[in-house]
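Let me begin by presenting the structure, written as structure tokens, before commenting on it.
The values are calculated or read from the model by the stated rules, or taken from the named source; none is laboratory data. Everything numeric in this text was worked out from a predicted model, so none of it was measured. Cβ sites come from the backbone with ideal geometry, for glycine too, and all protein chains shown count toward neighbours. Quick note on the areas: whole protein, heavy atoms, side chains included, nothing else; ligands and nucleic acids left out. Shrake-Rupley method; radii C 1.70, N 1.55, O 1.52, S 1.80 Å.
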Amino acid sequence: MSLMKWTQESYGTNVEICDDQHKELFNRVNALNDAVHGGNRGDIGDRLDNLIDYVVEHFQAEERLMEERGYAGLQKHRQEHENLVSTCADLQGRFHANEVEIEEGTLSFIKSWLDHHIPVIDRSYGPALSN
């Protein structure tokens, strides 16, 4: 079951590598969503780890591209990324320590964050990074 569907109209930045990575993020969010609905805690943990690992990898690639192109909004963008990674690391640690579960509220948070970050924050780098 898909929680998120990538479309050029809604999420496209016109930076091919970033759009491709965003599509993969959506695939991994949807895999986590499927695991949550499946109810197997081990599968949920695997999908959570897989998603968070990719988020970190994507953020690093995006920031590297911004550095290479001299993007003026890099520091603000990096702070957005750092805030999410910190939240994810905390959630991941608490999940693996059996202190919290990954549920609908977690999936809603992820979807809301991406629904704001990509169309509003990431699209702003499109003109600078697509050259």
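All conditions but one from (1) under 18 Å from residue 31 (Cβ atoms); (2) in contact with a helix residue (DSSP H, G or I) (Cβ under 9 Å, 6 or more places away or on another chain) apply to residue 108; the one that does not is (2).
In this structure, residue 55 qualifies as aliphatic (A, V, I, L, M), over 18 Å from residue 2 (Cα atoms) and either more than 17 Å from the chain's Cα centre (by Cα) or at pLDDT 95 or above (or both).
Name the single residue that is most open to solvent (accessible area, probe 1.4 Å) among those in region 84-131 being closer than 17 Å to residue 44 by Cα and polar (S, T, N, Q). Among them, the one singled out is 98.
Every listed requirement among (1) in a helix (DSSP H, G or I); (2) more than 20 Å from residue 106 (Cβ to Cβ); (3) open to solvent by 40 Å² or more (accessible area, probe 1.4 Å) is met by residue 14 save one, (1).
In region 36-52, the qualifying residues are those that are within 14 Å of the chain's Cα centre (by Cα) and free of Cβ contacts under 8 Å to residues at least 24 places away in the same chain, and the one that is surrounded by the most Cβ atoms within 10 Å (Cβ to Cβ) is 47.
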